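Pasting a structure here, questions to come.
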Amino acid sequence: MTTAAATAGERTAKAKPATMAQALGRALRDSMAEDPSVHVLGEDVGTLGGVFRITDGLAKEFGDERCTDTPLAEAGILGAAVGMAMYGLRPVVEMQFDAFAYPAFEQLISHVAKMRNRTGGAMPLPITVRVPYGGGIGGVEHHSDSSEAYYMATPGLHVVTPATVEDAYGLLRASIASDDPVVFLEPKRLYWSKADWSPQHPTAVEPIGRAVVRRPGRSATLITYGPSLPVCMEAAQAAVEEGWDLEVVDLRSLVPFDDESVTASVRRTGRAVVVHESTGFGGPGGEIAARITERCFHYLEAPVLRVAGFDIPYPPPMQERHHLPGVDRVLDAVARLQWEADN
Amino acid sequence: MTVQELPGAAAYRPTPPPAWKPLTDPAPLLPDPEPYRVLGTDAVADADPELLLRLYAELVRGRRYNAQATALTKQGRLAVYPSSTGQEACEIAAALVLEERDWLFPSYRDTLAAVARGLDPVEALTLLRGDRHTGYDPREHRIAPLCTPLATQLPHAVGLAHAARLKGDDVVALAMVGDGGTSEGDFHEALNFAAVWRAPVVFLVQNNGFAISVPLAKQTAAPSLAHKAVGYGMPGRLVDGNDAAAVHQVLSEAVARARSGGGPTLVEAVTYRMDAHTNADDATRYRGDSEVEAWRDHDPVQLLERELTGRGLLDDDGVEEARAAAERMAAALRERMNADPVLDPMDLFAHVYAEQTAQLREQAARLREELDAESDRHGTDDGGTAR
Ligand SMILES: Cc1ncc(C[n+]2csc(CCOP(=O)(O)OP(=O)(O)O)c2C)c(N)n1
């Protein structure tokens with residue numbers, strides 16, 4: 001497990017501010033340069049470089065047969081990717097926005113997730129499905145869904161989501177290299193977040209499936225991922241004044257789930273709050289809280305709490321700040337751990 | 001409706017957006033008004049007698065295979081079987097027009113096409129038997145897994161054909177779908193992708209009249225399913241699906257066209273499903289005997305047999321020989337299907353991911369314990385192997 005402190009030390013002198021969007025683009029570029037079987041396809045990924053410009057320059061560098069503007073049809077895009085993978089290519093599919101991936105669910109669930117299993121291991125499908133997800137960018141309806149629970153509920157898929165610039169690069173490289181299909185959730189409100197990062201000396205590619213402690217602490221663990229990581233880091237900072245020393249765990253991978261890291265942290269701190277912006281009911285937090293309870297019951301000094309989006313369709317942009325869990329809501333939850341902490 | 005232009009107003013003619021130019025002239029794309037036939041027409045003179053005899057032997061075998069598989073459902077040896085009796089000409093032609101390097105993308109009904117392509121008859125039945133989802137390595141046989149969700153295999157065929165062309169291989173994919181499946185969104189998306197990419201794909205629609213109980217008239221308002229091709233910019237071909245020679249010829253032409261870079265073709269084969277949808281279906285609820293009887297006169301095996309015997313290419317001995325070969329195949333199938341498959345329950349966890357997750361390792365360990373406890377109780381040591 002790497003810590004923030006350790007990776008900071010590895011940074012080279014050449015590092016300069018880079019955005020998550022740039023790191024993702026670089027990961028695609030490096031993967032394509034290294035492996036001619038990597039193909040990018042999706043809506044507007046070619047000339048335009050994607051509506052978020054993640055694929056900018058790829059068509060120019062690798063040609064439009066390797067970075068392909070497809071017809072506007074998500075099931076067709078992913079279905080074609082299945083056939084391409086069957087013939088030995090490594091397709092990386094871009095879904096333009098979270099809620100527009102739904103037409104492709106049939107392909108994802110019935111074929112992408114199951115092909116290895118259906119064929120007794122004879123035909124794995126190394127497909128990466130990139131899905132910009134989550135809110136906080138002022139998008140109108142259908143542009144801000146957090147659909148991770150749907151993907152998590154489908155055996156056969158890996159589900160990963162970076163929260164930092166370095167991870168965006170490392171996790172995407174690892175996802176494309178994986179022989180299994182990966183749903184790669186990109187927290188779109190972090191696309192323009194910056195970090196000192198050198199594309200010339202990118203972070204080593206770690207295998208997917210490991211959580212990371214972003215901030216060590218002793219009095220409670222905040223478990224989070226993707227767009228909620230900065231919220232939790234800020235909350236942990238603010239909580240210092242209240243005498244809380246919060247540990248922040250960034251899951252990075254929802255499937256496989258790193259029980260080991262989460263369990264170790266919660267056993268150390270005795271308290272846990274799961275934070276994410278997708279809905280609470282039937283959301284990832286319920287699964288995570290249950291796992292913690294099963295593994296850490298005797299270490300827990302308070303119930304595992306969840307701070308999640310409300311159980312409502314994603315609200316219109318002028319109202320989204322009420323829905324998205326912010327620092328105050330996280331701190332409130334931490335305060336609810338207080339009674340037990342005092343005893 | 002015509003719009004009256006105001007007198008004196010400059011005539012306004014919309015110009016298409018600059019990026020728009022039609023790629024294809026629609027006229028050559030239109031299907032023939034009548035299904036194309038070879039048997040019983042002048043065209044049969046050009047047909048290769050050897051091919052006709054081969055088709056005949058395969059049809060007889062296929063018919064017997066369907067009967068045997070249906071019988072196996074009655075004995076509980078198969079969970080379900082969707083028979084393709086009546087449709088053998090489509091199934092066999094689909095398998096025989098392909099070169100070894102080509103790929104077949106069958107639907108759930110197309111076991112026969114897979115077997116005719118050379119797949120082991122028992123391996124072809126694992127899905128329907130229920131012991132495994134896909135009993136064969138798709139890459140080895142270049143047959144995609146039999147596909148149950150309707151039309152979802154069609155975009156796979158497009159992607160595979162596209163990938164093959166990108167790699168410089170002259171591989172063609174032939175994808176099969178039923179008339180009901182043409183209503184699915186994936187059908188549309190696949191045809192559109194194939195046409196835009198000029199992918200070397202052939203789509204074969206077996207229009208057998210029904211999607212379970214729903215007749216074609218409730219499925220589409222199009223003049224024919226082949227007409228659907230035109231809007232995508234690919235040719236649509238209508239063929240008599242019970243005329244093995246005609247299906248073979250039309251598919252061969254479509255495959256050749258695809259292989260030479262001409263792009264995809266949609267072929268509609270008009271045929272009829274003689275049996276019920278599956279062994280579990282009651283067809284009398286949605287169709288009458290007289291309709292079924294009318295199609296008996298147009299039986300694909302009989303049509304070909306009449307043609308071959310009429311032309312002196314086949315005699316009673318030849319017919320007998322074909323039937324005997326089919327009988328031997330059925331007996332072997334029966335025998336092999338009567339043996340219980342040996343299953344390893346731990347396989348349940350073996351092929352979910354390349355590397356088992358910690359969660360799956362835990363669950364596998366639990367099942368292992370349950371199986372051990374079970375075999376202790378029963379005093380057996382078969383590790384829970386069961387049918
Ligand atoms: C997506 C989907 N919807 C429904 C079904 C259930 N179903 C199985 S077969 C069938 C009818 C298919 O008819 P058709 O496409 O004409 O093929 P045929 O059975 O005639 O070969 C239906 C509705 C299915 N398999 N997949």
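The values are calculated or read from the model by the stated rules, or taken from the named source; none is laboratory data. Please read these numbers as outputs of a predicted model, since none were measured by experiment. No Cβ is skipped: glycine too gets one built from the backbone with ideal geometry, and neighbour counts run over all protein chains shown.
For segment B:174-213, give me each residue that is under 23 Å from residue B:89 (Cα atoms) and more than 8 Å from the ligand (Cβ to nearest atom). Spell out the reasoning first.
The first filter runs over segment B:174-213 and keeps only residues under 23 Å from residue B:89 (Cα atoms), leaving B:174-182, B:187, B:200-213.
Passing the criteria: B:174, B:175, B:176, B:187, B:200, B:201, B:202, B:203, B:204, B:205, B:213.
Sticking with this structure for a sec: Of all residues in segment B:208-250, how many are among the hydrophobic types (A, V, I, L, M, F, W, C), assigned to a loop (DSSP other than H, G, I, E, B) and either free of Cβ contacts under 8 Å to residues at least 40 places away in the same chain or crowded, with 24+ Cβ neighbours inside 10 Å (or both)?
Going through segment B:208-250 one residue at a time, the tally reaches 5.
Could we say that residue B:260 is away from chain A (no Cβ under 14 Å) and more than 15 Å from the ligand (Cβ to nearest atom) here?
The answer is yes for residue B:260.
Which of the residues spanning segment A:257-283 are closer than 19 Å to residue A:330 by Cβ and either within 14 Å of chain B (Cβ to nearest Cβ) or acidic (Asp, Glu) (or both)?
Residues satisfying the conditions are A:262, A:277.
In contact (Cβ under 8 Å) with a residue 12 or more places away in the chain, β-branched (Val, Ile, Thr) and touching an Asp or Glu at 6+ places or on another chain (Cβ under 9 Å): which single residue out of A:159, A:182 fits that description?
The conditions single out A:159.
Sort through B:274, B:329 and tell me the only one that's within 16 Å of residue B:63 (Cβ to Cβ) and within 16 Å of the ligand (Cβ to nearest atom).
B:274
While we're on this one: Restricting to strands (runs of 3 or more DSSP E) lying wholly in segment A:189-259: which have 3 or more residues that are not polar (S, T, N, Q)?
Answer list for segment A:189-259: A:194-197, A:212-215, A:220-224, A:246-250.
Quick check, is residue B:160 more than 17 Å from residue B:232 (Cα to Cα), crowded, with 24+ Cβ neighbours inside 10 Å and either away from the ligand (no atom under 16 Å from the Cβ) or at pLDDT 95 or above (or both)? Full working, then the answer.
On the way: more than 17 Å from residue B:232 (Cα to Cα): yes; crowded, with 24+ Cβ neighbours inside 10 Å: yes; either away from the ligand (no atom under 16 Å from the Cβ) or at pLDDT 95 or above (or both): yes.
Yes, satisfied.
A further question follows. Just the residues that are at the interface with chain B (Cβ under 7 Å from one of its Cβ atoms) and either part of a helix (DSSP H, G or I) or surrounded by fewer than 24 Cβ atoms within 10 Å (Cβ to Cβ) (or both), please, taken from segment A:89-123.
Those that are at the interface with chain B (Cβ under 7 Å from one of its Cβ atoms) and either part of a helix (DSSP H, G or I) or surrounded by fewer than 24 Cβ atoms within 10 Å (Cβ to Cβ) (or both): A:106, A:107, A:110, A:111, A:116, A:117, A:118, A:119, A:120, A:121, A:122, A:123.
Same structure again: For segment A:314-322, state whether one or more residues are in a strand (DSSP E or B) and surrounded by 21 or more Cβ atoms within 10 Å (Cβ to Cβ).
There is no residue in segment A:314-322 that is in a strand (DSSP E or B) and surrounded by 21 or more Cβ atoms within 10 Å (Cβ to Cβ).
Quick test for you: out of A:168, A:163, pick the one residue that is modelled with pLDDT of 95 or more, assigned to a helix (DSSP H, G or I) and either surrounded by 21 or more Cβ atoms within 10 Å (Cβ to Cβ) or among the hydrophobic types (A, V, I, L, M, F, W, C) (or both).
A:168
Residues of segment B:122-157 being more than 16 Å from the ligand (Cβ to nearest atom), hydrophobic (A, V, I, L, M, F, W, C) and within 13 Å of residue B:103 (Cβ to Cβ), which ones?
Residue satisfying the conditions is B:143 alone.
Please work out which one of (1) surrounded by fewer than 21 Cβ atoms within 10 Å (Cβ to Cβ); (2) within 13 Å of the ligand (Cβ to nearest atom) is the condition residue B:167 fails and give its number.
Single failed check for residue B:167: (2).
In addition: Evaluate segment B:283-292: report whether one residue or more is free of Cβ contacts under 8 Å to residues at least 60 places away in the same chain, of a type in the set (Gly, Ala, Ser) and more than 27 Å from residue B:212 (Cβ to Cβ).
For segment B:283-292, residues free of Cβ contacts under 8 Å to residues at least 60 places away in the same chain, of a type in the set (Gly, Ala, Ser) and more than 27 Å from residue B:212 (Cβ to Cβ): absent.
Determine, yes or no, whether residue A:76 is within 8 Å of chain B (Cβ to nearest Cβ) and surrounded by fewer than 20 Cβ atoms within 10 Å (Cβ to Cβ).
It is false that residue A:76 is within 8 Å of chain B (Cβ to nearest Cβ) and surrounded by fewer than 20 Cβ atoms within 10 Å (Cβ to Cβ).
In segment A:124-144, how many are under 19 Å from residue A:51 (Cβ atoms), crowded, with 24+ Cβ neighbours inside 10 Å and not small (Gly, Ala, Ser)? Break it down stepwise before answering.
Step one: filter segment A:124-144 for residues under 19 Å from residue A:51 (Cβ atoms), giving A:128-144.
From what is left, the residues that are crowded, with 24+ Cβ neighbours inside 10 Å are A:128-135, A:144.
Applying the additional criterion that residues be not small (Gly, Ala, Ser) yields A:128-133.
Within segment A:124-144, residues that are under 19 Å from residue A:51 (Cβ atoms), crowded, with 24+ Cβ neighbours inside 10 Å and not small (Gly, Ala, Ser) number 6.
The rows are residues; the columns are (1) under 25 Å from residue B:50 (Cβ atoms); (2) modelled with pLDDT under 95; (3) surrounded by 15 or more Cβ atoms within 10 Å (Cβ to Cβ); (4) touching a His at 6+ places or on another chain (Cβ under 9 Å).
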position	(1), (2), (3), (4)
B:289	no, yes, no, no
B:295	no, no, yes, no
B:314	yes, no, yes, no
B:322	yes, no, yes, no
B:333	no, no, yes, no
B:336	no, no, no, no
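Any chance you could count how many residues in segment B:75-110 are farther than 18 Å from residue B:201 by Cα, within 16 Å of the ligand (Cβ to nearest atom) and assigned to a loop (DSSP other than H, G, I, E, B)?
11
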